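Chemist: Structure provided below as structure tokens; questions to follow.
Laboratory data are not the source of any read-out in this text; all were calculated from the coordinates shown. Since the structure is predicted, the reported quantities are computational estimates derived from the model, not experimental observations. Note: ideal-geometry Cβ built from the backbone for every residue, glycine included; neighbour counts use all protein chains shown.
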Amino acid sequence: MKYTLCVLLISLGLTGCSLAQQDSDRSVNIHMILESRESYNGRASVYLEGPDGNYLTGSRVMIENSGGAVNLLHFDIDAGCYEGEIPYSADGHYTVLVDGTLLDTPYSKTIDHYVLRESPDITLLQDSSGASALSGESLGTGNEIRLSWKKSSQATVYQICLYKNGSLVHLETSPENTAIIQGEVLSGEGNYSCQIKAQYIGGDPLLRNQNYYSYSEKGGSSLYFSEE
């Protein structure tokens, strides 16, 4: 399985930063990617970039969970980073450890990354007239749809995915485990399905206000229904 980006960017700069290196003629940028999907423990990718912009390959990079289990990450020349599995952490706390010749002292940073394991299965899908998809009833075309689903521990947001004949026709997000879909969203009579995806997002995806990003996802079961 190919893992997509979730990025932790930490600059070990020269001045004005708590991670500053004492040697003023060199700096190291550390980028870290943490991602977990569908209850896999996930993978870490750590990029070390020297002052000349080239990747550094001679460092020792590890990730440790709060229980003391440590995984050594190995450099992948094709990806240009250190990669490896994330050891499961019951409390979601991980520490990245980096040691290399360009670092005056070993670097460590603790961040949160939660592996979502509880499926956000749908518990209510009915239209404004009371017709329920869970009871096998067809919904009325153009009617407002009310949705609710099971919470997934540590999820920060939920994606609501609606498909028609297998193609995605609507996507929206909700911080709660309920949503109302307006009647004009769906394109009339036909067969549909709905799936909820729980997501944990830590840090800042754009790396503007925070210097790290951590991502986990767990999808619920799809519910099929029709509109008439």
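Chemist: Most fluctuating residue of E189, E83, E217 in a GNM of the chain with Cα springs under 10 Å: which is it?
Modeler: With Cα springs under 10 Å in the chain, the top fluctuation among E189, E83, E217 is at E189.
Chemist: Per residue, how big is the convex hull of the stretch 113-192 when only Cα atoms are used? Give it in Å³.
Modeler: Values: hull volume 8.0 nm³, N = 80.
About 99 Å³ per residue, rounded to a whole number.
Chemist: For K197, which lysines qualify as cross-link partners when the Cα separation must be under 21 Å and same-chain residues fewer than eight apart are set aside?
Modeler: Within the straight-line cut-off, K197 pairs with K2, K150, K151, K164, K218.
Chemist: For the chain, compute Rh as the Kirkwood radius over C-alpha pairs and then the Stokes-Einstein diffusion coefficient at 20 °C and 1.002 mPa s; write the answer in µm²/s, rounded to an integer.
Modeler: 108 µm²/s
Chemist: Let me know the longest stretch in the chain that avoids all trypsin sites (Lys or Arg not before Pro) found in a DSSP loop with at most 10 other C-beta atoms within 10 Å.
Modeler: 3-207
Chemist: Find which of T95, Y163, H113 sits farthest along the positive direction of the dipole of the stretch 58-174, computed with +1 on the beta-carbon of Lys and Arg, -1 on that of Asp and Glu, about the Cα centre.
Modeler: Y163
Chemist: How big is the Kirkwood radius of the stretch 139-228, worked out from every pair of different alpha carbons and given in Å to one decimal? Before the final figure, lay out the partial values.
Modeler: On the way: mean 1/r = 0.0700 Å⁻¹.
It is 14.3 Å.
Chemist: Please report V61, V98 as a ranked list, fewest other C-beta atoms within 10 angstrom at the top and most at the bottom.
Modeler: Going from least to most buried by this count: V98, V61.
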